[in-house]
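The structure appears right after this line, and notes come after that.
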Amino acid sequence: MKHLDILIVDDEQRYADMLAKRLGLRSLTCKVCYDGQSAIDIVREESFSMVILDLRLPDLYGTEVLTRIKQCRPETPVIILTGHGTEKDREQCMANGAHSFMNKPMDINRLVTIMADVKESDRHGRIAE
Amino acid sequence: MAESLNKISGTLLPQFNRSDDEHLNPYYTFQDYRQTWGMTIFTLMTTALLPLVVMTLIYYQLIETSINTESLLRTERLASNARRAVTFFLEERLAALTFTVNEMGYDQLTNPNSLAEVLRNLKLGFGGLTDLSVIADSGTQVTYAGPFNLEGKDYSNQPWFIECQQHNACVSEIFSGYREVPHVVVAVKSMRPDGRFFVLRATLETERMIQVLSSYKTGEHADIFLVNRNGLLQTPSQFYEGASHQVNLPVPAYSDRTKAVMSTDHSGQPILIGYAFIDTKIAPTSFILMVIKQKAGMMKVWLDLRSNINWFFGISAIIIALVITLTSTVMVNKIFQADRQKAETMVAAERNCQLASIGQLAAGVAHEINNPLALINETAGYVRDLFTIKQQYKEDPDLVEHIDSIIEAVERCGTITRQLLGFARHFDVQSQPINLNDMVADVINFHKKEAEYRNIKIQVNIPETIPLIETDRGKLQQIILNLVNNAFQAIDNGCFLDVWAETVEGDEQVRLFIRDNGCGISEDHLNKVFEPFFTTKKEGHGTGLGLSITYGLVKKLHGNITVQSKTGQGTTFVISLPVKLKEEIHV
């Protein structure tokens, strides 16, 4: 099974592409998709170190996608990145196993730091194994 | 003394009399509390006092009727008794004369010695006689026994003599006659053996009759006397003697029974008149016995009692009125207070509603801007990445600077949209302990130069006893900054700005006052200053969002903001904040 670093799920195509490009520049391999259902399908097929998920998607609401991803791959950290997250959304996402909750526009360095942390803990986890 | 009076009037007079919150008027349940209060008191008073008044009046009526009846009865009885006495007095003497003429006959009676003997015996037996005389049928006095020398006088034209001829006996009116001393004549007619008649006449002392009458007089205001049928007084009257011995009361109409009637005297005083026409069995008389009693005298006991009842009634009515007023005031005040609270809540709700709608609008705008903003951010970030990571165009440092300024601008926009979103939501509240003094000093610092330049005195007095406030630093700073900005816009050069603080509610709340002596806010505008888009500035000079956002921020920090202002005198904003913010959600 192919292993990629990051799956970006966002209905704003240009935004998702640009984010993928920027992360690519930082030596992170990314895959992009623009709706909820294909995100769920992709996660079933492939494994990722991290999923970046928007809440407002054309077909499914982000929280629903989050739940399905977590059912399928509970170990994959999911970062919610949204332009209009309410407090209720945040609470719900964190309760459903989101790793963190960020608002757009965001600082890419924060994302990179989180990614580094995830990789670090992953490596530790593997060493422990 | 004045203080206790104020207190009493404060209890009795309702508070709405002093209320002046006109902006709350449309929200009150009752249009006019003054009227409601008045109507309540009027209705209660009427319900409580009217039956009492009616009952008292009926009671008075009953008592007066019964007293009147009783008085009439008593007067009538008195008149009846007096009549009997007078009648008896006259009858007794007439009977004695009748006996004498029948017993002795004309011859014996015309003997002066035996007539004197008869007079002596009669005086001994009955008393009240002055003299005796025998008068022949021609009217000439034949024999006389007594103190005056009236022998040979002619009585043929005297009314009593004429009457005696007709009725065999008579009682005269009281008159002076030949002797010029008031007296009454009683006379009986008898026949001589030769068929001619003669008259035995006795003169009675009027003193005895007056004595008999006055023994029936009861009370100071009572009067008892005899009048003839023309109203001429026969015995003296204490109160009712008019001109030429005429009684100044109407002469009653003839009645064979004793009667009592109500009337008024010449001065309009109510009186009771008891009267009786006196007739003896032997001869009729022209006497009318009159008993006069002043009603006031007879009613005195009742009037005294009535005055006591009136006092009792008056005091009870005052107590009832006081209790009713007090109760009404308390009740109407309570309703008013509740209604006022409701009205205040309605006003606040309306304001909140308006703020909520601007919040929704702001959130909507922020959402829509956020996405393109994020794209700009990432695009600019990508271009920057090209510089820093791929090291393209590294010879052109200018370009990096421009990109950086784009990213910086996006960050600033991001901050604004986040705050706009926060306007409607509890987002981004971060609690940390804040020294109010330091914060105010920081904010004032921004305006230091402007204050110096405009010669504005800023006085800050935040005592050290004010505890650290656990709240959101950024928001509190924005609140204070907004209000200080606001004050600076309102004041002219040379004015002052006072900032001070105090703790309330047992150190659980801090109150911050920001006062200026600028142009002030007119009363019409005072309740609108926190409404979104409300501004008095010229178009393009203010959005009308400053105070509205401040209001939202204070609410978010679980505080409260109020404003007091007078046009031309300045404005004071008061912010109350909890010392410890309740645990909130933080990002």
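Laid out as a table, the results:
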quantity: Distance between segment B:236-284 and segment B:109-184 - C-alpha centres, whole angstrom; calculated: 29
quantity: Structure-based [θ]222 nm, chain B - -39500 (n - 2.57) summed over DSSP H runs of at least 4, per residue, nearest 500; calculated: -17500 deg cm²/dmol
quantity: Exposure proxy order (Cβ contacts within 10 Å, fewest to most) of B:Tyr59, B:Tyr28; calculated: B:Tyr59, B:Tyr28
quantity: Cβ-based exposure ranking for B:Trp160, B:Trp500, in which fewest neighbours within 10 Å come first; calculated: B:Trp500, B:Trp160
quantity: Cα-based radius of gyration of segment B:426-587 once divided by 2.2 N^0.38 Å, which approximates compact folds; calculated: 1.02
quantity: Cα gyration tensor category, rounded, prolate or oblate, for segment B:287-404 with a/c compared to 1.5; calculated: prolate
quantity: C-alpha long axis of helix B:397-424 to longest principal axis of chain B, angle in °; calculated: 20
quantity: Relative contact order (%) - segment B:426-587, alpha-carbon pairs under 8 angstrom, separation at least six; calculated: 27
quantity: Whether chain B is rounded, prolate or oblate, judged on the alpha carbon gyration tensor where a/c under 1.5 counts as rounded; calculated: prolate
quantity: Share, in percent, of DSSP beta bridges within the protein assembly as shown that are antiparallel, nearest 5; calculated: 75
quantity: Residues A:Ile52, B:Ile320, sorted so that the one with the fewest Cβ neighbours within 10 Å comes first; calculated: B:Ile320, A:Ile52
quantity: P(r) histogram, all alpha-carbon pairs of the protein assembly as shown included - 10 Å bins from 0, percent; calculated: 2, 10, 12, 10, 9, 7, 5, 4, 4, 5, 5, 5, 6, 5, 4, 3, 2, 1, 0, 0
quantity: Contour excess over end-to-end distance, with Cα ends at B:Asp154 and B:Glu368 and 0.36 nm allotted per residue; calculated: 62.2 nm
quantity: Computed label-point distance, nm, for sites A:Ser27 and B:Val400 using a 7 Å Cα→Cβ extension; calculated: 2.1
quantity: Degrees separating the helix B:112-125 axis from the principal Cα axis of chain B, which is the longest one; calculated: 30
quantity: Inter-label distance, nm, simple model (7 Å from Cα along the C-beta direction), B:Lys528/A:Glu45; calculated: 6.2
quantity: Relative contact order computed over segment B:121-271 (Cα-Cα under 8 Å; 6+ residues apart), in percent; calculated: 15
quantity: Relative frequency of Cα-Cα separations exceeding 20 Å in segment B:229-333, percent; calculated: 60
quantity: Added length on full extension, which subtracts the Cα-Cα distance from 0.36 nm per residue, B:Arg179 to B:Ser66; calculated: 35.6 nm
quantity: Relative contact order computed over segment A:3-128 (Cα-Cα under 8 Å; 6+ residues apart), in percent; calculated: 21
quantity: Extension gain from B:Val323 to B:Asp194, taking 0.36 nm per residue of separation minus the Cα-Cα distance; calculated: 36.6 nm
quantity: Amide proton proximity set for A:Leu57, modelled H, under 5 Å, gap of 5+; calculated: A:Gly62
quantity: Acute angle (nearest 10 degrees) that the helix B:33-110 long axis makes with the longest principal axis of chain B, alpha-carbon atoms; calculated: 10
quantity: Cα-based shape type of segment A:3-128, given that a ≥ b ≥ c are square roots of the gyration tensor eigenvalues and the cut on a/c is 1.5; calculated: rounded
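Taken together, the values in this text are just the output of simple stated rules run on the coordinates, not laboratory data. As the structure is a prediction and not an experimental result, all values here were calculated from the model. Note that each Cβ is placed from the backbone with ideal geometry, even for glycine, and that neighbours are counted across all protein chains shown.
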